[in-house]
Every structure is written in structure tokens, then in C-alpha cells.
Amino acid sequence: MSNSIVTTDQTKNQKTLVIDRPQQGVTLRGNVKIPGDKSISHRALMFGAIARGETRIQGLLLGEDPRSTAHCLRAMGANISELNSQEVIVEGVGLGYLQEPTEVLDAGNSGTTVRLMLGLLASHADRFFAISGDESLRSRPMSRVVQPLLQMGAQIWGRQNNSRAPLAIQGQSLKGIEYCSPIASAQVKSCVLLAGLMAQGNTTVVEPAISRDHSERMLAAFGANVTTDPETKSVTIAGQPTLQGQTVIVPGDISSAAFWLVAALIIPDSELVIENVGINPTRTGILDALQRMEADISIEKKEIVAGEPVANLRVRSCQLKGAEIGGNLIPRLIDEIPILAVAAVFAKGKTLIRDAEELRVKESDRIAVMASQLTKMGAVVTEHPDGLEIQGEGTLTGTDIEAHNDHRIAMSFAIAALNAKGKTTIHGAQAVDISYPDFTETLQDICQ
Ligand code: S3P
């Protein structure tokens, strides 16, 4: 590809991504290697840090979010080797032995870091912790994790009636509870299960719909007694297990693969093979949604690696059809909705995304930002309180896009720009480093 299609401009902390699509368009071809799964990377670092002995992590995501997790864990005494994607070694302190940090823990932009960490810290009796993060993280709701922890006996204080970071935690001995979560959130579920690790008795979380289950799988592999009941959508963990360090092989992140899936589908004459993608059924809602839209995607070389299913995904461009996406599918594709909205612009007919109000409290208000920025490019989009309605068969025209410092928004618009007339300038593109530092290089590699 001619290097002039994608250029970046970096000043201080601001990065701009400029995509100047040639008049004849581009095609995407080749094999794509995607970075490690973000959710699994966080958990491998955290569980490694609280287990006994050594944990070896292969394929860790080197994005800013897992770096925040590693930074917090080091501040509490865990010995973690330099982060790399080959093998990271974590020397665990053992369950209950995280130390009181001398500084405020900085979770950066990472909701997973702060919410899962709160569960861990709340149960560390006689130690005091303070945790905060960047402007986006400080605006995100924390009551969803603080409330169940208080029921378990935790002591937590925070801004806005204990609902926003910075948060302060005075560790306590906790008791197991049964918690019916009003939202399907793996962060809430994992937080309560992690608090349950050190609690007396059993801790159960019941969800309205099943969210990603990486915590359950990995905690069981580390030696915890975890039982799940898909019928009642509940998970139970028995308190005070012995966790033993493990080797974790992190699969590629389907949330990162989603950008290339949609890119190849909407850009004519494209064909990509995306390698080593994690296809855990609690994460494959994007494949189900795209299948509903009549996408040409095949799953090849499926295997189980270290307890998680992985496969290659072959995707070819085709005419997508509009579809209705909602209900239990939403928690299984929550992070992929911005890029799904881009796919919908090029589908035949209308796409309706509903039941997705959670998007309003992600790294940005992803419903409002997708609606406003796609409209700027010429798409016909209606914003609903819980989703988006997109009229398909649209064309997009390049313009100035504001990514609102949200990694998935920046990458979604980079893909939209590849299929837009003229030049698109994406402001705030430094956010891409949160989950996909090599995104621009891969984009350069596969454009022909
Ligand atoms: C995550 C869970 C999801 C997701 C986030 C990562 C996790 O959040 O949006 O990017 O690793 O548990 P919710 O569980 O709050 O929906």
C-alpha cells in the first residue's frame, strides 16, 4: 500500500490519524495477527499476583490497560517481569498478601483494573488502599461494584456518594453473599467473585444475562472451587482456596479482530484470515450479529488452548443486510457495537441496535459519539436512549472526527474512513494504544 493513505501526527499527548483514501479505493488482503485478549491479560496478571508460586503469561496484550494493572500490582508487592508478548513471569504473593501501597493506585483508563481490583482490595484486612484513574475513568459509575462489596462488609469511600473514583478502601474480613446483579457485567461479577475468594463461605453472583466468563475459567484453573449454572445464570465461588500459579496462554482478542472482520466485509474484493482469535462463546456475539447480517465468515482450525477456544477467522467482502441486534446478544458483543454500527452503514436496509444503554458509560458515551460522528460523515443515524438506528446502503465522506479519547471509537472510524470518500482526520487517536498499539501498522500492512 502507498504509505500516504495512513499518516499519523503526534504532538505531546495528542495523536491524529489521517486516512486519505485514494479515489479508486483500497482492498484488504492477507493474514492478520491480532494482539492478546485484554480481559484475559488483566486476569492473568491479577490472578498470578495473588496465587502462590510462579505464573507464566504468553501472549499478554501490551496495551496501556494491562500496563495499568501490572503497575498497580507491582505497587502492592507483586514481582512482575518486564511486560512482553513472549513470556511474562509473575511471582505471586499468595492469597491475602498484597501489601498496602505507599501511593494512590493509578488504574489509568481501565475500568477492568479498578473494578476487579476493588474486589481484591476490599478483602485485605488491616490495609488501606486508594485508587483512581484518568478523567474518563473518574467519570464512570462505581456503585455497581461498591454496593455488593458493602453488602459483604467492605468499607469503601468515594466521590459522589461512593459512586466515582478516587476511591478509598479500608480492607476488612468479608462474608460471602448471594448477589443478584441488575446488569450483565463481567466486571461486576468478577469483582464480587474476587472479593468472595477471601470471604467466609460461598459467594454467588446471579446475572440477568451471561457476561464473559474468563474469570470463572481462569480462577478454576488456578485451583478455586467455582461452579456455574447456565440455567440460573449464576456462578458460585467457595471462599479461601489455595491458588497456585499457572501457565496462561492468552488468545487473540476478538474485540480487536472485529475491526478487521468489518473492514474486510465492507471493502469490496477483500479477503483476510485473522489468526488465533479467542472464540469463547461469551464473546462471540459479534460473529452471531454479523451472521444475522449475512456476512461471509468461516471459522477454521478451531482448538482449545489453555482452557479457551481459539480459531482462525476467514472473512470475505459481501453485501451485508440490516438486522435487529438486542437482548442477550448485547453482553456478548458490548465492546464491538461501535464497529458494528460502521458495518450497518453499508448494509442493505435498516439496522436497529437496542438494549445497549451500557454503552453510555464506557470509555465515552459510545451511543452519542457514534451517532454524532457517523452523521458528520454523512450516515443516516438516529440515537435512541438504549442504542442506534442506522439506515443502510449509505456512503460516507471523510471529515474531521473526534474520538473522545476512546480507543474503540478511534479504530471504528479508521475502518469507516477506509471506505469513505476523501480524507478523514481522527483526533484523539492516541487512545488506540489502550488496547491495540500495532493497529496502524497492521492497517498499513493489509491495505493494497
Ligand atoms: C470487561 C467487561 C466488559 C467490557 C470491558 C472488559 C472485562 O465490561 O466492556 O471492556 O474484562 O471484564 P462490563 O462487564 O462492565 O460490561
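Once both labels are modelled 7 Å past Cα along the beta-carbon direction, what's the E87-S143 spacing in nm?
4.8 nm
Given the pairs K12/K189; K15/K421; K302/K423, which are separated by over 29 angstrom at their Cα positions? List each step's numbers first, then the result.
Values: K12/K189 38 Å; K15/K421 22 Å; K302/K423 39 Å.
Flagged as over cut-off: K12/K189; K302/K423.
Could you state the orientation-averaged shadow area of the convex hull built on the Cα atoms of region 39-249, in nm² to one decimal?
Taking the Cα atoms of region 39-249, their convex hull projects to 9.9 nm² on average.
Using helices alone, I'd like the mean residue ellipticity at 222 nm for the chain: each DSSP H run of four-plus residues gives -39500 (n - 2.57), total over residue count, nearest 500.
Numbers: 14 runs with 136 residues, N = 448.
Value at 222 nm, helices only, nearest 500: -9000 deg cm²/dmol.
Would you kindly derive the ³J(HN,Hα) couplings of region 343-350 from the backbone phi angles with the Karplus curve 6.51 cos²θ - 1.76 cosθ + 1.60 (θ = phi - 60°), listing them in order in whole Hz, with x for Gly and Pro?
Here the 3J(HN,Hα) series is 4, 4, 4, 9, 7, 7, x, 8 Hz.
Multiplying the sequence separation of Q160 and T7 by 0.36 nm and subtracting their Cα-Cα distance, what value in nm do you get?
Stretched out fully, the Q160 to T7 stretch lengthens by 50.9 nm.
In the neighborhood of D288, defined by Cβ-to-Cβ distances under 12 Å, what is the net charge if each Lys or Arg adds +1 and each Asp or Glu adds -1?
+2
Under a crude label model (7 Å from the Cα following the beta-carbon direction), how far is N202 from K348 in nanometres?
5.2 nm
Set the Förster radius R0 to 35 Å, insert the Cβ-Cβ distance between E103 and K175 as r into 1/(1 + (r/R0)^6), and round the FRET efficiency to 0.05.
0.70
What percent does the relative contact order of region 39-249 come to when contacts are Cα pairs within less than 8 Å and at least six residues apart? The partial results should precede the final answer.
Numbers: 513 pairs, mean separation 44.5, N = 211.
Worked out over region 39-249, it gives 21 percent.
Once amide H atoms are built 1.01 Å from N in the peptide plane, which residues 5 or more positions from A420, or in another chain, come under 5 Å H to H?
Under 5 Å from the amide H of A420 lies no amide H from a residue far enough along the sequence or on another chain.
Quick one: give the max-minus-min coordinate of the C-alpha atoms of the chain along each principal axis, largest first, in Å.
Projected onto the principal axes, the Cα atoms of the chain cover 65, 43, 41 Å.
Suppose R0 equals 60 Å. What FRET efficiency, 1/(1 + (r/R0)^6) with r the Cβ-Cβ distance, do A168 and D269 give to the nearest 0.05?
The computed FRET efficiency comes out at 0.60.
Evaluate the relative contact order of the chain (contact order divided by residue number), counting alpha-carbon pairs under 8 angstrom at least 6 apart; express in whole percent.
It comes to 18 percent, rounded to a whole number.
How many nm is it between the label spots at Q244 and T395, if each spot is 7 Å from the Cα in line with the beta carbon?
Taking the two extended label points, one gets 6.4 nm.
Each value in this text was obtained by applying a stated rule to the coordinates, not by laboratory testing. Everything quoted here is computed from the prediction, not taken from an experiment. Virtual Cβ from ideal backbone geometry, glycine too; neighbours counted across all protein chains shown.
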